[in-house]
Amino acid sequence: MHVFNGSIRLGWGRGLAGWPPSFPAQPDKSRAALFPLIPPPLPSFPPLPAAEEEEEEEEEEEEEEKEEEKEEAREEEEEEEQEEEEEEGEEEEEEEEEEEEEEEEEEEEEGEEEDFLKKKKKKKKKKKKKKKKKKKKKKKGPSGGLASPPPPLPIRCLPRSFPCQVRRKRKKRKEQTKKKKKKKKKKKKKKKKKRKKKKKMKRKRKEKRREKKKKKKKKKKKKKQREKNFQKDSDICPVFLENSSSKPF
């Protein structure tokens, strides 16, 4: 006994002789016309990756992100070290220049002092020679000769060891050194301001780059999540793929 197309038939089982030849191998067209909502068979999709594979991929991505962050931190540290070394080198050069200038000024002052002392010694020698000549003349001349001239009065404007010209030169030099020091201080301040500005700009650029990278990563994650959700929906309802002409990614 066989049930076919809602009608009951009497017959033999499969494999027995006398199988009715009128038995159709495929369903009737009328049956297909009665059920037009049943979709045609879709091509087989590749199987979704297992949960373990997804977890491994996520772990690999996290490791790559960590490595990138470490590399960025290393690069930042190297840049900061280079900047510090440059600043230290500039400061050392400025200090060396200042020391050299001070040494040159001291040498000039010492040279002036030495020249003045040499001149003074020469003057003393000349005075001694003059005194000796005068004494000889007095001895040669008649007794009761002219009295020796009185000693010269001390001049108040001159110091004991330096004349007025050297004093004036020193004053000028001191004023010039003061002006130079002021200019150097101004230059130092300007350089410091420039360095601070450069550091601020570098930090801002780094922050912008980090924000861009974070945004890109977020977009990638969202895209992957959409793709996963889309595949799940397509697995649950295969008609979803045919009807969805515009994909969400």
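Just so it is clear, none of the values below were taken in a lab; they were calculated from the coordinates. Computed from a predicted structure; not experimentally measured. Virtual Cβ from ideal backbone geometry, glycine too; neighbours counted across all protein chains shown.
Restricted to Cα atoms, the range 185-230 shows a radius of gyration and a Dmax of 20.1, 68 angstrom.
For a 25 Å ceiling on Cα separation, which of these pairs sit above it: K66/K218; K118/K180; K66/K222? Write out the running numbers ahead of the final one.
On the way: K66/K218 15 Å; K118/K180 31 Å; K66/K222 20 Å.
Correct reply: K118/K180.
Taking label points 7 Å from Cα along the Cα-to-Cβ direction, K188 and L117 give a separation of 3.3 nm.
With a Förster radius of 41 Å applied to the C-beta separation of E57 and E83, the computed FRET efficiency comes to 0.55.
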